1. Which value results when the Cα radius of gyration for region 625-698 is divided by 2.2 N^0.38 Å?
2. Rounded to the nearest 500 deg cm²/dmol, what is the calculated helix-only ellipticity per residue at 222 nm for the chain, with -39500 (n - 2.57) per DSSP H run of length n ≥ 4?
3. Rg over Rh of region 180-332, using C-alpha atoms and the Kirkwood radius, what does it come to?
4. Cα convex hull of the chain: how many Å³ per residue?
5. Provide the per residue accessible area, probe 1.4 Å, for the chain, rounded to a whole number of square angstrom.
6. List the relative contact order of region 606-748 as a percent without decimals, with contacts defined as Cα pairs under 8 Å and 6+ residues apart.
7. How far is helix 570-582 tilted off the main Cα axis of the chain, in degrees rounded to 10, range 0 to 90?
8. To the nearest 0.05, how large is the calculated FRET efficiency for Arg611 and Ala56 if R₀ is 45 Å and r is the Cβ-Cβ distance?
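The values are calculated or read from the model by the stated rules, or taken from the named source; none is laboratory data. Predicted model only: the values in this text are computed from it and were never measured. Neighbour counts are summed over all protein chains in view; Cβ atoms, including those assigned to glycine, are modelled from backbone coordinates with ideal geometry. For the accessible areas, the whole protein counts, side chains as well, though only heavy atoms, and no ligand, DNA or RNA atoms are used. Shrake-Rupley method; radii C 1.70, N 1.55, O 1.52, S 1.80 Å.
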Amino acid sequence: MADLPTGTVTFLFTDIEGSTKLLQRLGQDYRAVRDRHAAIIRSAIEAEGGRELSTAGDSFFAVFRSAGGAVRAAVVAQRELHDHRWPPGAALRVRMGIHTGEGTLGGEDYVGIDVNRAARVMDAGHGGQVILSGATRGLAERELPPATTVRALGAHRLKDLVHPEELFDLVIDGLPSDFPAPRTLDARPNNIPAQLTTFVGRTEELAEVERLLEVNRLVTVTGPGGSGKTRLALEVASRTLSGYKDGAFFVDLSSVTDPALVSSSLAAELGVQEVAGRPILDVVRDHLRNRELLLVVDNLEQVLEAAPVLEDLLTVAPKVRVLATSRVVLSVRGEQEYPVPPLHPPEVERLPDLSALRRIDAVRLFTERAAAVSPAFRLTEENAPAVAEITARLDGLPLAIELAAARTKVLSPEQMLPRLDHRLAVLTAGPRTLPERQRTLRGAIAWSHDLLEEAERTLFARLAVFAGGWTLDSAEAVADPASVGLDPLDALASLVDRSLIRRTDPNGDPRFAMLETIREFAAERLEESGQGDELRRRHAEHYVDLAVTAEPHLTGEDQGRWLDRCELEHANIRAALRWAIDAGEAERAQEAAGALWRFWQQRGHLDEARRWFEEVLRMPSGRTPTVARSKALTGAGGIAWWQMDRGMSRTCYQEALDIERELEDPARIAEALYNQAFVVAAEEGVEAAAVLLDESLALFRRAGDEAGVARALNMLVIRDAEAGDWDACIRGIEEAAAIMRSLGDRYQ
């Protein structure tokens with residue numbers, strides 16, 4: 001398309017709202033309505049010197065040299081669409097989005113983030129509405145058409161864009177202007193994660209999954225690892241978010257391997273708090289019962305035994321819908337499977353012209369991801385055959401294509417082909433029980449892996465031991481890059497560049513993770529190396545030490561930071577506990593569980609905590625009276641207390657007290673006495689607990705534990721008040737208050 005403007009340009013996107021339903025209602029008559037709509041849009045674009053770039057179904061994409069021209073065209077078009085006498089039941093409502101940005105040409109089309117941003121601005125609108133980006137509003141506000149004004153809509157998070165966008169509504173006199181809130185990720189409650197890359201293609205797949213969700217309350221998106229299940233599900237959730245009154249919530253089960261933890265994971269993402277004495281699933285049921293929302297549950301294949309939980313929730317909550325991803329079907333009632341097809345690659349033997357090739361989804365994905373790592377990359381007549389063959393050889397699998405595209409940083413597409421062909425030929429001879437696409441994906445990962453230096457391969461394999469991600473410090477301590485001559489930060493950055501690991505920044509702190517498919521491949525390499533047992537031991541020791549280090553901070557002045565840290569590392573902590581139990585390391589398992597009970601209690605993991613305590617306390621090697629067992633019993637007693645199980649709490653506290661008396665540490669005996677007295681006081685009154693409290697107070701004084709003295713005094717003040725001994729009561733209050741003032745934030 002010759003003479004397209006470049007530099008600063010303004011993009012206009014339009015779309016008919018509810019066109020599918022309109023087509024169903026009008027049948028053959030819809031064509032005439034659509035054609036008249038197209039004539040109105042085209043006339044308005046041409047009158048202001050705009051260039052029509054493409055049409056897709058009922059949508060238009062146009063470019064203007066000025067923001068004012070685009071706005072005037074939109075106003076004229078909306079007035080004519082509003083004033084036209086449409087057939088009965090055929091009134092059109094067209095939404096429009098306008099954004100001004102960089103007009104960068106890639107062949108005969110515009111490329112770059114500003115095209116995507118303009119499309120997302122339109123997606124935020126409703127039929128009959130014109131939404132402007134902040135950039136367009138700044139340029140066009142002084143030359144608005146007569147009888148039009150601009151109204152601020154605030155900052156909104158748009159699909160595929162990292163930063164919020166300021167949006168503005170174009171108010172046109174005489175036309176409807178009372179629109180609902182923009183259809184953005186902020187319009188409904190949600191935790192849908194922002195995506196850092198654009199969503200490429202999948203138009204038919206998106207439409208089909210959305211259609212299936214309209215008629216089925218449980219849709220399972222299935223496919224091999226790397227086929228794009230998660231990304232497709234997230235895009236569907238973003239597109240349909242405004243249709244759910246109570247929003248959409250994403251539940252990532254990639255780090256959960258125990259089916260019993262699925263209910264807790266659902267509760268955590270929904271913001272549901274545990275209720276003492278009630279199973280967490282019951283609490284989730286009550287929360288969802290009258291809500292209208294979409295649950296996106298990811299990576300269910302490793303906890304298939306928990307699939308009936310979703311069936312149960314759908315039964316009790318008639319307005320909830322579930323979009324699940326899994327490598328296998330869930331096999332529950334009401335499930336509709338949707339197998340994700342690969343991206344459609346080109347036919348290598350009959351390549352279309354360059355313009356058509358650019359529009360093929362697999363090629364678009366490769367091109368966009370290649371340009372992200374190598375900004376100068378362009379699809380040209382010279383490299384097009386190689387790019388087309390790469391996407392075809394990879395069967396159109398998104399992850400495989402992205403891994404290949406990342407290599408354009410060091411290899412041209414023509415240079416890639418021999419390497420890729422050789423690696424795939426070797427790995428397709430693998431287990432025939434694997435689906436062909438998965439074997440191809442395995443080959444793509446192996447090919448990318450083989451481009452690493454030997455030391456980097458060793459580190460890559462070692463990193464498989466982490467569950468749920470890791471920090472730089474943890475990588476140094478567990479994977480030990482220095483032992484193979486690598487600088488830890490440089491080595492991790494290299495693996496990020498190769499798309500073998502990802503960097504995330506929760507709370508602003510750098511963190512790294514692997515996609516689960518890649519982690520599985522790395523784990524195989526780790527076992528082949530013979531270092532698996534040693535790495536799992538180092539990993540477990542590291543996170544047990546973290547739990548012990550965190551313990552004094554979980555009730556201190558920096559409590560929030562340490563609770564957040566434990567939450568981020570929860571998957572690794574679970575793996576460490578599992579290793580310690582399976583290895584028979586009872587003392588370490590009991591020590592870690594006892595250290596973590598406050599975290600589990602504060603963050604609502606009561607059911608999970610109880611299961612851990614039950615398991616570590618019945619370990620055959622952990623029955624002897626040790627400090628570690630006493631700590632685990634104390635933690636188990638605390639969890640039982642918060643679950644309103646006073647009998648279990650008293651039993652655990654009593655055994656802990658018996659152990660501490662045997663070990664003869666005054667400070668620990670004092671703490672155990674206080675814990676048991678607390679339960680006795682709650683059940684029988686403070687007077688019944690007075691003997692335990694008096695002994696506890698004396699031992700706290702002997703140990704010099706001022707915080708313990710204050711806690712015991714506060715309990716005994718209640719006893720003295722009930723007995724009418726006001727002098728003793730006042731003395732106790734004054735002493736406890738003085739201690740608390742002196743300790744300040746350190747008082748627990």
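1. 1.01
2. That comes out to -16500 deg cm²/dmol.
3. 0.94
4. Considering the Cα atoms of the chain, their hull volume per residue is 210 Å³.
5. 44
6. RCO, region 606-748: 15 percent.
7. Approximately 50 degrees, to the nearest 10.
8. Efficiency for this residue pair is about 0.30.
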